[in-house]
Amino acid sequence: MGQSTSIVRSILLSALSGFLLSAGSVCQDNSFNSLPSLPVPQQEVPSIATARFDVSAFPAGSFDLDAEANNSGEITAEREHHGLIGRSVRRGLEDQKQLYRAPFKVSNLKWDALVLGGTAVLLIEDRNIENNLPGGHYQFYQDTSNIAIGALSATLGGVFLYGIKPEHRHARETGILTLETLADTFLIYTPMQLIAGRQRPGEGNGHGDFLKHHMINTSFPGGHAMFTWAMATVVAHEYSQPWVQVLAYTAAFAVTSSRFLARDHWASDMWLGSALGIGIGTHVFHARCNPELSESCEHDTHFIF
């Protein structure tokens, strides 16, 4: 009996709880329905006017100046580069033409006689002179030659760099004419070496025979003497102060004599190489110099001073 009473009580409590929950949910729905309705969102979004940039609306040629300004620097640099190369080539060809013609000018016949006569005499006496040179100290002579030509080359390199600035016109001319002289010297030195093919002292039978080599860097004419005297001549003409001339020609003489004493060349090699270097340097200077920069500048041919 007690158990039946408990069951009935549980059923009644469950039914009562369900009724209360149903009533609460009905009341909650009614409260939401009584709230005012939200406004309906607008479908159309207002548009914002934007500015339009139409290039075609500008007159023709409006932007040409800007384009030309941007490209003018590159075009100018390119033209200057090609102009410098073209001018150097033309000057080099003109120099070669004049240098190969120079020995046949009447005004140069006296120099031809001196150079060719001296070369002929020394060719005959080369072996006797060589046999009477002092022996030993060959490394000392080699070092002296290298130091002298290195000092002269370094000095001229510094002058060339100093002349890069536009206001240093004299140094600029010195550097340019020195490079031009070296190029002209090489173009004369190379074919003479290939044609002569002379053996150095100590090579072959020791007689200094010709036509034994088919390459450059042989004995005749003396290359170190030729290039050094060419450079020294340009410097001595550009700067006519006596102390500059003494230093330049002393360096050239030191290279020539030390190479000779080191048994690298015969006496005739050094004589002809020195004469050719002086002649080439003199020609290039007087052909290209600016009278406003150097007191020695005259557009005719002089020898050393």
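The values are calculated or read from the model by the stated rules, or taken from the named source; none is laboratory data. Owing to the predicted nature of the structure, the values given are computational and were not obtained by experimental measurement. Cβ atoms come from the backbone with ideal geometry, glycine included; neighbour counts cover every protein chain shown.
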Can you pull out the helices (runs of 4 or more DSSP H) entirely within region 216-305 that have at least 1 residues that are free of Cβ contacts under 8 Å to residues at least 24 places away in the same chain?
-> 242-261
Name the pairs: first residue in region 169-197 and of a type in the set (Lys, Arg), second residue in a helix (DSSP H, G or I), Cβ to Cβ under 8 Å, at least 6 apart or on different chains?
-> 172/160
Selected residue [under 30 Å from residue 176 (Cβ atoms), in a helix (DSSP H, G or I) and modelled with pLDDT of 90 or more] from 93, 109, 84 = 93
How about region 101-136: which of its residues are loosely packed, with under 12 Cβ neighbours inside 10 Å, without any contact (Cβ under 8 Å) to a residue 12 or more places away in the chain and either closer than 24 Å to residue 256 by Cα or touching a Lys or Arg at 6+ places or on another chain (Cβ under 9 Å) (or both)?
-> 110, 113, 117, 120, 124, 128, 131, 132, 135, 136
Would a scan of region 231-239 turn up a residue that is among the polar types (S, T, N, Q), at pLDDT 95 or above, more than 26 Å from the chain's Cα centre (by Cα) and crowded, with 19+ Cβ neighbours inside 10 Å?
-> no
Counting only residues that are assigned to a helix (DSSP H, G or I) and touching a helix residue (DSSP H, G or I) at 6+ places or on another chain (Cβ under 7 Å), how many does region 178-202 have?
-> 10
Does residue 304 satisfy being of a type in the set (A, V, I, L, M) and either modelled with pLDDT of 95 or more or touching a Ser or Thr at 6+ places or on another chain (Cβ under 6 Å) (or both)?
-> no
Just wondering, is there one or more residues in region 195-217 that are buried (at least 19 other Cβ atoms within 10 Å of the Cβ) and closer than 26 Å to residue 91 by Cα?
-> no
Looking only at region 92-145, which residues are within 40 Å of the chain's Cα centre (by Cα), under 30 Å from residue 286 (Cα atoms) and β-branched (Val, Ile, Thr)?
-> 115, 119
Taking the residues in region 146-177 that are in contact with a Phe, Trp or Tyr (Cβ under 7 Å, 6 or more places away or on another chain) and assigned to a helix (DSSP H, G or I) as candidates, determine which candidate is nearest to residue 286 (Cα to Cα).
-> 177
